[in-house]
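Asks: One structure coming up, written as structure tokens, with questions to follow.
The values are calculated or read from the model by the stated rules, or taken from the named source; none is laboratory data. In this text, all values refer to a predicted model and were calculated from it rather than measured experimentally. Don't worry about glycine lacking a Cβ; one is built from the backbone with ideal geometry, like all the others, and counts go over all protein chains shown. What goes into the accessible areas is simple: the full protein's heavy atoms, side chains included, and nothing from ligands, DNA or RNA. Shrake-Rupley method; radii C 1.70, N 1.55, O 1.52, S 1.80 Å.
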Amino acid sequence: MKGFDEHREGFGTREWAEVTENIQRGCVNDCLYCYAAHNSNRFGQRLRSEWAREELTQRAFIKSYPARDGIIMMPSTHDITPFNVGHFIRVATLMLQKGNRLLIVSKPRLSCIIDVCKSLAPWKDQILFRFTIGAMDEQLTALWEPGAPSPTERLEAMKYAHDSGYGVSVSIEPMLAGPFETGRVISSVLEFHPETIWIGKLNKVRIRVVNSSPVITAAIFQIENQQTDEEIIRLYRKVGHLGCVRWKDSIEMVLKAHGVNQ
Ligand code: SF4
């Protein structure tokens, strides 16, 4: 789809969109690695232990939205949940009515994606979904993303969006394991013809991750072992030939450091 798969300079969300929008503080998914939760705590806005509490911001009540250059990504620091889906649809509609293009990023809940797909159908061609699945192993996602839907539900939501005629894409960022598990995610989503599959490491795992138990300590060690430079290069050799695969900056840096051809 036009404009969504362009090379952008920058890191993180800036690789995907020119503008980011959110309508809420806090995120019920409560991912252990959450960058937004880490920053919110660091800048004294919200204690890390309270991140799962959902609270609408003024942006949920805007009455108009201008035509913007480039892609708008929404949300980036929360998800679409039963708590906010009505507000999300209302704000997205304001954006789309002005001709904007919208990248909807989510660890998707099936019921919410059904609502979104039905409500935004007139603007289908201006929308690309980006569904995050870091692993197919339900134990891994339950550990790292305790409040988020299971991988099975995320695949069901992706199927629904695809079957409804929407463009879909995938984020395997952060990877919650190594090359094998990442390969399983890719195999599971290919039938939905994703426009792109973005792959990125779990960055700064020791700084960002809330480590409250020996189980999490063990999971951190495991991820570090599974995402060494050697394993990342192995992953590149395994799936780099797929035309839809895109590498996030965390992996580009590894490939560049080792002179691996891209
Ligand atoms: S889904 Fe995103 S915003 Fe929500 S807790 Fe996880 S990383 Fe943070």
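Asks: Looking at region 112-132, I want the residues that are open to solvent by 50 Å² or more (accessible area, probe 1.4 Å) and have a partner that is within 16 Å of the ligand (Cβ to nearest atom) and assigned to a helix (DSSP H, G or I) with Cβ atoms under 8 Å, at least 6 apart or on another chain. Which pairs are those?
Replies: Within 8 Å, the pairs are Asp115/Val85.
Asks: Being more than 13 Å from the ligand (Cβ to nearest atom), part of a strand (DSSP E or B) and of a type outside the set (S, T, N, Q) narrows it down to one of Ile72, Ile114, so name that one.
Replies: When all the criteria are applied, what remains is Ile72.
Asks: Then there is this: When residues of region 75-111 are filtered for being open to solvent by less than 10 Å² (accessible area, probe 1.4 Å) and within 16 Å of the ligand (Cβ to nearest atom), how many remain?
Replies: 10
Asks: Of all residues in region 49-59 being assigned to a helix (DSSP H, G or I) and within 16 Å of the ligand (Cβ to nearest atom), which is nearest to Asn211 (Cα to Cα)?
Replies: Among those residues, the one meeting the criterion is Ser49.
Asks: Then there's this: For region 112-170, name all the residues that are within 12 Å of Val189 (Cα to Cα) and of a type in the set (Phe, Trp, Tyr).
Replies: The answer is Phe131, and nothing else.
Asks: Of everything in region 43-52 that's on the phi < 0 side of the Ramachandran plot and small (Gly, Ala, Ser), which residue is surrounded by the fewest Cβ atoms within 10 Å (Cβ to Cβ)? Walk me through it before giving the result.
Replies: Within region 43-52, the first condition is being on the phi < 0 side of the Ramachandran plot, and the residues that meet it are 43, 45-52.
Retained after the next criterion (residues that are small (Gly, Ala, Ser)): 49, 52.
Details: Ser49: 12, Ala52: 15.
Looking at residues that are on the phi < 0 side of the Ramachandran plot and small (Gly, Ala, Ser), I get Ser49.
Asks: On to the next question. Report those helices (runs of 4 or more DSSP H) wholly inside region 156-262 carrying at least 3 residues which are farther than 15 Å from Gly134 by Cβ. Quick ask: steps written out before the conclusion?
Replies: On the way: elements: 179-189, 205-208, 214-226, 229-239, 249-257.
Correct list: 214-226, 229-239, 249-257.
Yes/no per residue for (1) open to solvent by 20 Å² or more (accessible area, probe 1.4 Å); (2) in contact with a Pro (Cβ under 9 Å, 6 or more places away or on another chain); (3) modelled with pLDDT under 95:
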| site | (1), (2), (3) |
| --- | --- |
| His7 | yes, no, yes |
| Thr13 | yes, no, yes |
| Arg25 | yes, no, no |
| Asn41 | yes, no, yes |
| Glu55 | yes, no, no |
| Asp69 | yes, no, yes |
| Met73 | no, no, no |
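Asks: Here's another thing I want to ask about it. Can you tell me which residue in region 28-39 is surrounded by the fewest Cβ atoms within 10 Å (Cβ to Cβ), limited to those that are part of a loop (DSSP other than H, G, I, E, B) and touching a helix residue (DSSP H, G or I) at 6+ places or on another chain (Cβ under 7 Å)?
Replies: By that ranking, first place goes to Leu32.
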